[in-house]
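Have a look at the structure below, then the notes.
The values are calculated or read from the model by the stated rules, or taken from the named source; none is laboratory data. What you see is a predicted model; the values in this text were computed from it and never measured. FYI the Cβ positions are ideal-geometry reconstructions off the backbone, even for glycines, and counts take in every protein chain you see.
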């Protein structure tokens, strides 16, 4: 018998790696989808939150009490119409001074998309229509009046007493999470 006649030993049984590789890839894909869902919150597109805050309106001075001074009425200091940016947005905005001297920003008939982390800003940024206006408010100074209360309806936001309204000629609905404007309005004095 020669050395060539010997049967070779059986080959070691190889473990298949592809199930492990596919399992790992599947896990990474599922994890990626879950993280993207948490970040982008796509379900918010289908959710509407309607708000109906009472907006201060001008009142007729009372004439029933002779000798009494007329009741003071809220005054519209400036107003504007919302234009669309990242999402279709419409409505009107007004800055109103109430009889006690406090000021509020009123948004009437707001209609926009719900989004994550959308705030109402008074801003020094220029209001630009179309795609060019999506990010104009990112850097200029602004006053954050708080998170938007809903994506539809009438809303009122208190303006801090120390804010110089002449320094902030615009309102932005700003998504802080993605640094993009949903919509904006240029504020102007109301017609006399």
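See the values below:
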read-out	value
Check on residue 183, at pLDDT 95 or above and surrounded by fewer than 18 Cβ atoms within 10 Å (Cβ to Cβ)	no
Subset of the range 108-118 that is more than 13 Å from residue 147 (Cα to Cα) and crowded, with 22+ Cβ neighbours inside 10 Å - its residue that is modelled with the highest pLDDT	110
